[in-house]
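Contents: one structure, followed by commentary.
Each value in this text was obtained by applying a stated rule to the coordinates, not by laboratory testing. A quick note: this is a predicted structure, and the numbers were derived from the prediction, not measured. Cβ coordinates were reconstructed from backbone atoms using ideal geometry, including for glycine residues, and neighbour counts include every protein chain displayed.
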Amino acid sequence: MNIAIINGNRTTAFSGGKAACPFCDAPVIAKCGPQREDHWAHKGRKNCNLGKENETEWHRSWKNKFPTEFQEFIQYDPSGEKHIADVRTKHGLVIEFQHSHLDPKERDARERFYKNMVWVVDGTRLKKDYPRFQKGIGNLATKKMNGYFLVPNPEICFPADWLNSSVQVFFDFLGDMLPDPTDAHRQPLWCLHPKRVDGKAVVSMMSRESFVELATNGPPAPQAPVQPAVNNMMLPAPRMIVDPRFLKEISRLIPELTRMPPRRRYRRF
Ligand SMILES: [Zn+2]
């Protein structure tokens, strides 16, 4: 976890720090060092939702791209059960980062609970995930219109578990790995939209920086369902999760992405 409680204050980890878990109140200790992002960990194994210490660096570093006040946001459902969102912005948009396998039933439950949410999924979990996407998006009968790809068979691009999500799913194909610098497909996030146009999946891409910027400072989420126009067609959508202005912003960003700068090389410590 990135945030713990000291004297009632949400605090990020610092060397030698001791704090309380915001979820279960048990003591946690700071883990700081050159190898990993600073974080808090329970003392010993604890039966705590935040205490399942299988959180990856990928997960921590994504959360850390957002202000600390957005991170690990706790809220209660009507039964009084606590839920923790990886990120919840000031506009109430919840962003969940998912590295490990997630049961579609659990995915569905979280989408129904948060409603105004998007997923960011590690697209490198299985060895075949990225090669499948690369082949699918590059070779097949994808049609690009107004910055959107229409993909007739999304299952040839994306993991089956995410095809029926009711919200936008952003795939991060960079994972924790350093990619081949010539491989431009890994650099942006690829968004699988929840709606279909003539049975085709709608896919778009967005730079990581734009995603963080839009999610952090973007327009507030709509209070009522709105149907967005994609490729001048109205999507037969039962509900729309993300503000249509957000989608408009995505398409504005597309030309920018086609002129992507060469990938920066990051030093590994
Ligand atoms: Zn805990």
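Tabulated results
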read-out	value
Packing-based order for 108-115, 204-211, using average beta carbon neighbours within 10 Å, highest first	204-211, 108-115
Ranked list, fewest to most other Cβ atoms within 10 Å of each Cβ, for V203, V212	V212, V203
Links that overshoot a 19 Å alpha carbon limit, given the list K18/K43; K65/K128; K82/K115; K65/K135	K65/K128; K65/K135
Phi to ³J(HN,Hα) by Karplus 6.51 cos²θ - 1.76 cosθ + 1.60 over segment 202-214, Hz, x for Gly, Pro	9, 10, 9, 10, 8, 5, 4, 5, 5, 4, 5, 4, 5
Cα centre as origin, Lys/Arg/Asp/Glu Cβ charges: segment 1-130 dipole, Debye	160 debye
Residue order, fewest to most beta carbons within 10 Å, for E37, E57	E57, E37
Built amide H within the under 5 Å cut-off of A26, gap 5+	C21
